[in-house]
Amino acid sequence: MRITTVGLDADDTLWHNETIFRLTQDRLREMLADFADHEVTTAKLAEIEKRNLRLYGYGVKGFTLSAIETVMELTGGDPPGRLIAEILATGRDMLAHPVEPLSGVDEALHDLADGYRLVLITKGDLLHQEQKLAASGLGDLFAAVEIVSEKDAQTYVRVFDRYGTGAPEAVMVGNSMRSDILPALDAGAWGAHIPYPITWAHEVAEAPAEHPRFTELASIAELPAWVRSLA
């Protein structure tokens, strides 16, 4: 058995992301406090985001549009103009937020790049993800970057065939069980789950605890040794 390729998720695997969304959701709840309880705003936003994923995809821009739609519904279709302006401002703040790599990422990626082909596989807005990768300072470590609309088994088969030696000789690493791990295992790859303290509800799924090609790591610092152990 050999491993030639390591696929890595970006948001909440290499750098902070969901914490930024949670802080913005807190701001949205405060903006709408005169129109709805916090719990109502949270539930309505989640409902609208889920409904809009197939139209807007993942990322800040889709989130901002869903937040505006949430305001429209909770204000009876007649929101104060200041609310729309504030939401647009928070969206711009999210897009301009500094990229903060997680602890141990730089060291682990430099270690892995010495013996494996690294491929970034992430969902989200193309321009914003490219900007975040450039700002992270990690871009030169990747042999390829794939920004996809959805992560399913066919995506991983295609990416690992294109940039590696096929899914059976590849590892996929990420914080999302639903997007990073389960479809990669279905494609025939290995999966390393590295939990982030906060997980978007849409990305939650049960871990395949008994799967022979699955592991859960406490941090990315453990990744190089685990990948090498597969040989």
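Structure data summary
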{"read-out": "Residue list for segment 37-61, filter: surrounded by fewer than 17 Cβ atoms within 10 Å (Cβ to Cβ), in contact (Cβ under 8 Å) with a residue 60 or more places away in the chain and either among the β-branched types (Val, Ile, Thr) or assigned to a helix (DSSP H, G or I) (or both)", "value": "ALA46, LYS50, LEU53"}
{"read-out": "Residue within segment 171-183 that is without any contact (Cβ under 8 Å) to a residue 40 or more places away in the chain, under 15 Å from TYR116 (Cβ atoms) and surrounded by fewer than 20 Cβ atoms within 10 Å (Cβ to Cβ) present", "value": "no"}
{"read-out": "Among residues of segment 142-175, those that are under 23 Å from ALA201 (Cβ atoms), assigned to a loop (DSSP other than H, G, I, E, B) and polar (S, T, N, Q), counted", "value": "2"}
{"read-out": "Selection count, segment 89-138, where residues are under 25 Å from GLY62 (Cα atoms), in a helix (DSSP H, G or I) and not aliphatic (A, V, I, L, M)", "value": "10"}
{"read-out": "Residue in segment 60-70 that is basic (Lys, Arg), within 17 Å of LEU23 (Cα to Cα) and within 17 Å of the chain's Cα centre (by Cα) present", "value": "yes"}
{"read-out": "Candidate set from segment 201-231 (those that are at pLDDT below 95 and of a type in the set (Gly, Ala, Ser)); member that is nearest to the chain's Cα centre (by Cα)", "value": "ALA201"}
{"read-out": "Count - residues of segment 180-231 that are part of a helix (DSSP H, G or I) and either touching a Pro at 6+ places or on another chain (Cβ under 8 Å) or not small (Gly, Ala, Ser) (or both)", "value": "15"}
{"read-out": "ASP161 vs. criteria without any contact (Cβ under 8 Å) to a residue 12 or more places away in the chain and surrounded by fewer than 22 Cβ atoms within 10 Å (Cβ to Cβ)", "value": "yes"}
{"read-out": "Single match in THR64, THR19 (criterion: modelled with pLDDT of 90 or more, under 21 Å from GLN129 (Cα atoms) and either part of a helix (DSSP H, G or I) or among the basic types (Lys, Arg) (or both))", "value": "THR64"}
{"read-out": "Per-region count, segment 74-87, residues on the phi < 0 side of the Ramachandran plot and surrounded by fewer than 17 Cβ atoms within 10 Å (Cβ to Cβ)", "value": "7"}
{"read-out": "Residue among ASP26, ASP34 that alone is over 18 Å from ILE198 (Cβ atoms), among the acidic types (Asp, Glu) and surrounded by fewer than 20 Cβ atoms within 10 Å (Cβ to Cβ)", "value": "ASP34"}
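Each row is one residue, and each column tells you yes or no for (1) more than 17 Å from ASN175 (Cβ to Cβ); (2) surrounded by 16 or more Cβ atoms within 10 Å (Cβ to Cβ); (3) touching a residue at least 40 places away in the same chain (Cβ under 8 Å); (4) out of contact with any Cys (no Cβ under 9 Å at 6 or more places or on another chain).
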{"site": "PHE63", "(1), (2), (3), (4)": "yes, yes, yes, yes"}
{"site": "ASP106", "(1), (2), (3), (4)": "yes, yes, no, yes"}
{"site": "ASP114", "(1), (2), (3), (4)": "yes, no, no, yes"}
{"site": "LEU133", "(1), (2), (3), (4)": "no, yes, yes, yes"}
{"site": "ALA144", "(1), (2), (3), (4)": "yes, no, no, yes"}
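The values are calculated or read from the model by the stated rules, or taken from the named source; none is laboratory data. Values in this document were obtained by computation on a predicted structure and should not be read as measured data. No Cβ is skipped: glycine too gets one built from the backbone with ideal geometry, and neighbour counts run over all protein chains shown.
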